[in-house]
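To keep things clear, I will list the structure first and then write my remarks on it.
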Amino acid sequence: MSELHKFLFEGLPVRGMVVRLTDAWTEILKRRAQSSTGAYAPPVQALLGEMVAAGALMQSNIKFNGALILQVYGDGPVKLAVAEVQSDLSLRATATVQGPVPDDAGLRAMLNVNGLGRFAVTLDPQDRQPGQQPYQGVVPLSGADGQSVHNLAEALQLYMRQSEQLETVLVLAADDKVAAGLLIQRLPIEGMGNLAGQQPAEAELYEAEMLEHYNRIATLASSLKREELLTLDVETILRRLFWEEKLQRFMPHAGETAPRFACTCSRERVGRMIQGLGEIEAREILAERGVIMVDCEFCGANYRFDTIDTTQLFTTAGDQPPSSSVVQ
């Protein structure tokens, strides 16, 4: 079963998390394989699995009441990959692929062929107020030197450093059975370790000491290999990496609270999307095809609107289409 574990390093401003997605991840792959587009190529599968694992880690990290959406898009055969995680850790993911993806394709070959790839994090509140827009941060899939980042973990670390000013280490991996991730993050020095009232020299010494501790832990985390992350259970991973550290463990998200697949699509949401097209365009589609068919790219659900259904949409909704969500 899928699970997510959170922990702190006692006495240090460092926190960590490990997530292992099993049934939640294989359900996403199964639904894609049964769709008209067929299964993802292995590199796309690995990318999307890493995004789902990273999204679960980040959502659990910030405790945000709404959807956390990770998107990568660019100028390669993978036009868009999306992972969405709700505050209850329900999640879904999809990718739009146009063209062949070689089995050995990396992030650059899939999304950043000409340096135009972007990575975006969007926070969409559940109870959005009128006029309120989702928060979005975007970073290029290239470092300060202009070189393409090698993997999703590097892109996320770049985002956390630039947008959140938090030093973060991420190790991500996915195959056709497991999507997993380890996150280690340095926290602002607050509470017991607050530097307020200390002499400048003491504060500088304390900061240097805390940085040294973080660098040691970050080095240990970075030594975790992809195969270990995919095959070892959480207890073994933590014991192998941090056997000399004192960890404060929290109740894991497992069983009923575990990350799980769930899609937020519905006939009502699809109806609002059709309303957003406008009545003229909707009736043009009906005249051409006889029915409006919409497939959910996340879960594969099919929605069918005939002439009567479409007429009811515009009769009850009036002339003003509602605003659409970031991800339908």
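The values are calculated or read from the model by the stated rules, or taken from the named source; none is laboratory data. Only a predicted model underlies this, so the values are computations on that prediction, with no experimental measurement involved. Ideal geometry is used to build each Cβ from the backbone, glycine not excepted, and the neighbour counts take in all protein chains shown. Heavy atoms of the whole protein, side chains included, go into the accessibility calculation; ligands, DNA and RNA do not. Shrake-Rupley method; radii C 1.70, N 1.55, O 1.52, S 1.80 Å.
Among the residues of segment 101-117, the ones that are surrounded by 13 or more Cβ atoms within 10 Å (Cβ to Cβ) and over 25 Å from ARG226 (Cβ atoms) come to 2 in all.
Can you name the residue in segment 76-87 that is open to solvent by 40 Å² or more (accessible area, probe 1.4 Å) and in contact (Cβ under 8 Å) with a residue 24 or more places away in the chain and is also farthest from ARG32 (Cα to Cα) among such residues?
SER87
Selection of segment 294-313 for residues being surrounded by fewer than 14 Cβ atoms within 10 Å (Cβ to Cβ) and modelled with pLDDT under 85 yields only ASN302. Among the conditions (1) open to solvent by less than 40 Å² (accessible area, probe 1.4 Å); (2) in a helix (DSSP H, G or I); (3) without any contact (Cβ under 8 Å) to a residue 24 or more places away in the chain; (4) not polar (S, T, N, Q), the only one that GLY38 does not satisfy is (2).
Just to be sure before I move on: is GLY49 open to solvent by less than 20 Å² (accessible area, probe 1.4 Å) and touching a residue at least 40 places away in the same chain (Cβ under 8 Å) in the structure I sent? Show your work before the answer.
Numbers: open to solvent by less than 20 Å² (accessible area, probe 1.4 Å): yes; touching a residue at least 40 places away in the same chain (Cβ under 8 Å): yes.
When the stated conditions are applied, GLY49 passes them.
For segment 124-135, which positions are touching a residue at least 24 places away in the same chain (Cβ under 8 Å) and either open to solvent by less than 10 Å² (accessible area, probe 1.4 Å) or under 17 Å from GLY55 (Cβ atoms) (or both)? Correct list: ASP124, PRO125, GLN126, PRO134. Listed by first and then second residue, the pairs with beta-carbon distance under 6 Å, at least 6 apart or on different chains, first residue in segment 149-172 and assigned to a loop (DSSP other than H, G, I, E, B), second basic (Lys, Arg), are GLU167/ARG186.
Among the residues of segment 73-119, the ones that are within 18 Å of VAL139 (Cα to Cα) and among the hydroxyl-bearing types (Ser, Thr, Tyr) come to 1 in all. Collect the residues in segment 6-22 that are closer than 14 Å to PHE250 by Cβ and open to solvent by less than 10 Å² (accessible area, probe 1.4 Å), keeping them in residue-number order. Selection gives PHE7, PHE9, GLY16, MET17, VAL18, VAL19.
Listed here are the residues, each with its yes/no results for (1) open to solvent by less than 60 Å² (accessible area, probe 1.4 Å); (2) of a type in the set (Phe, Trp, Tyr); (3) modelled with pLDDT under 75.
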residue: LEU195; (1), (2), (3): yes, no, yes
residue: MET210; (1), (2), (3): yes, no, no
residue: HIS213; (1), (2), (3): yes, no, no
residue: SER222; (1), (2), (3): no, no, no
residue: LYS225; (1), (2), (3): no, no, no
residue: LEU229; (1), (2), (3): yes, no, no
residue: VAL234; (1), (2), (3): yes, no, no
